[in-house]
Amino acid sequence: MSIFTGSGVALVTPFKNNSIDYTALKKLIQWHLDSGTDAIVCCGTTGEASTLSTSEKIEMVRFTVETAGGKVPVIAGAGTNNTSASVELAKEFSQAGADGLLVVTPYYNKATRTGLVRHYETIADATDLPVILYSVKSRTGLNIDADTVIELSHHPNIAGIKEASSDISQIAEIASYIAKCKESEEALTFDLYSGNDDQTIPVMSLGGIGCISTVANIIPAEYHLMTTRWLEGCHSDAVKMQLAMLPLIKALFREVNPIPVKAALNMMNKIQREYRMPLCEPSSETLYLVYNEMVRYGIKL
């Protein structure tokens, strides 16, 4: 069984006075539940996980699980550049009630192909939770190539990949392997998710079953509808929705994520516009562009 299909939101972490704003977080989670979001991913890149303490991460996962109340799966970001630290996070998140783990490639120290395989297998061996690989070379400096993905896909606890490499040929190779396994009825439970908002429908057209999205933070109902329409076979509708979103997506990535999307949520009166260093306030040009594209898209401010 897949962890989820459709629109998973890479949830921001709202701050107030440099602490997690749980009042705002509860309202965000409830809004996503009401809007049809299919999964909530917390403590990931968009959630500024790299500046959250371990205790903050555990409490945030626990709070998100309790607030979601089993209505949607909660996937916790357990990836670090320290395998043993990721193992400990995986165990803590399991106890906190998470339904799955998102594990980014080790950053800074990187790894050889053998080391990368061992890293993921060690984490997956240490938990009963399904693990989603996360490939985002632009941030970590380390890609998970198709051959490595294929090797890892046979681990019983590795359930899929969030593909944010932007390499459509690589994504197609992974998708082709998954499709061949299904055609041959080989026992493989491994799913493909888009990790780039501007490639959601292109990746789903290759066989992806959903996305883990930043932009879904501000248009959750639209993202749920777009992915649902594609899965239902209404492909032209989904394509039109994806194309209509592109200017908004471009604006929300004008500066490093999650700076613009948190500014957008602030414009919607959802959260404080607060970041943890080294992230900082967006430029006035970015704020102007984000505001204009939100208005153009039809978001009420």
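Between SER176 and VAL117, what is 0.36 nm times their sequence separation minus the Cα-Cα distance? Round to one decimal in nm.
Roughly 19.2 nm would be gained on extension.
Between SER213 and residues 5 or more places away or on another chain, which pairs have amide H atoms under 5 Å apart, with H built 1.01 Å from N, and which residues are they?
Correct list: GLY8, VAL9, ALA10.
Quick one: accessible area per residue over the range 1-144, 1.4 Å probe, rounded to a whole number of Å²?
40 Å²
Relative contact order for the chain using alpha-carbon pairs under 8 Å, separation at least 6, rounded to a whole percent?
It rounds to 19 percent for the chain.
Probe radius 1.4 Å, ligands and nucleic acids left out: which of SER19, SER165 has the largest accessible area, and how do the rest follow?
So, going from the largest accessible area down, we get SER19, SER165.
Where does the charge balance sit around THR13 when Lys and Arg score +1, Asp and Glu -1, over other residues with C-beta under 12 Å from its C-beta?
After counting each charged neighbour, the total is -1.
What 222 nm value per residue comes from the helices of the chain, counting each DSSP H run with n ≥ 4 as -39,500 (n - 2.57) and dividing by all residues, nearest 500 deg cm²/dmol?
Dividing the helical sum by the residues of the chain leaves -14500 deg cm²/dmol.
Would you kindly derive the ³J(HN,Hα) couplings of the range 58-71 from the backbone phi angles with the Karplus curve 6.51 cos²θ - 1.76 cosθ + 1.60 (θ = phi - 60°), listing them in order in whole Hz, with x for Gly and Pro?
For the range 58-71, the Karplus curve yields 4, 5, 5, 5, 4, 5, 5, 4, 5, 6, 5, x, x, 6 Hz.
Compute the orientation-averaged projected area for the range 112-181 from the convex hull of its Cα atoms and round it to one decimal in nm².
4.6 nm²
Any idea of GLU183's accessible area? Nearest 10 Å², probe 1.4 Å.
150 Å²
Please list ASP128, ASP34 in order of solvent-accessible area, largest first, computed with a 1.4 Å probe with all protein chains present.
Accessible-area ranking of ASP128, ASP34, largest first: ASP128, ASP34.
Given the protein chains as shown and a 1.4 Å probe, how many square angstrom of LYS182 are accessible, to the nearest 10?
Accessible surface of LYS182 is approximately 120 Å².
What do you reckon, how do SER53, SER236 stack up by accessible area (1.4 Å probe), largest on top?
Of SER53, SER236, the descending order of accessible area is SER236, SER53.
Calculate the dipole size of the chain relative to its Cα centre from +1 charges on Lys and Arg beta carbons and -1 charges on Asp and Glu beta carbons; express the result in debye to the nearest 20.
Once rounded to the nearest 20, the dipole reads 820 debye.
With label points built 7 Å along Cα→Cβ from the Cα atoms of HIS235 and SER53, find their separation and express it in nm.
5.2 nm
For the range 239-256, just list the computed ³J(HN,Hα) in residue order, Karplus coefficients 6.51, -1.76 and 1.60, θ = phi - 60°, integers in Hz, with x standing in for Gly and Pro.
5, 4, 5, 4, 5, 5, 7, 4, x, 5, 4, 4, 5, 6, 10, 5, 10, 4
Which of PRO220, PRO258, PRO282 moves the most in a Gaussian network model of the chain with Cα springs under 10 Å?
PRO282
Over the chain, what percent of the accessible surface lies on carbon and sulfur atoms, probe 1.4 Å?
That share works out to 50 percent.
Amide H to amide H, which residues 5 or more places from ASP191 or on other chains are under 5 Å from it, using H placed in the peptide plane?
Excluding prolines and chain starts, which carry no amide H, the hits are GLY160, ILE161.
If you wrap a convex hull around the alpha carbons of the chain, what volume per residue comes out, as a whole number of Å³?
Cα convex hull per residue, to the nearest whole number: 120 Å³.
The values are calculated or read from the model by the stated rules, or taken from the named source; none is laboratory data. In this text the structure is predicted, and so the values were computed from the model without any measurement. As a convention, Cβ positions derive from the backbone with ideal geometry for all residues, glycine included, and neighbour counts pool all protein chains shown. These area figures cover heavy atoms from the full protein model, side chains too; ligands, DNA and RNA do not enter into them. Shrake-Rupley method; radii C 1.70, N 1.55, O 1.52, S 1.80 Å.
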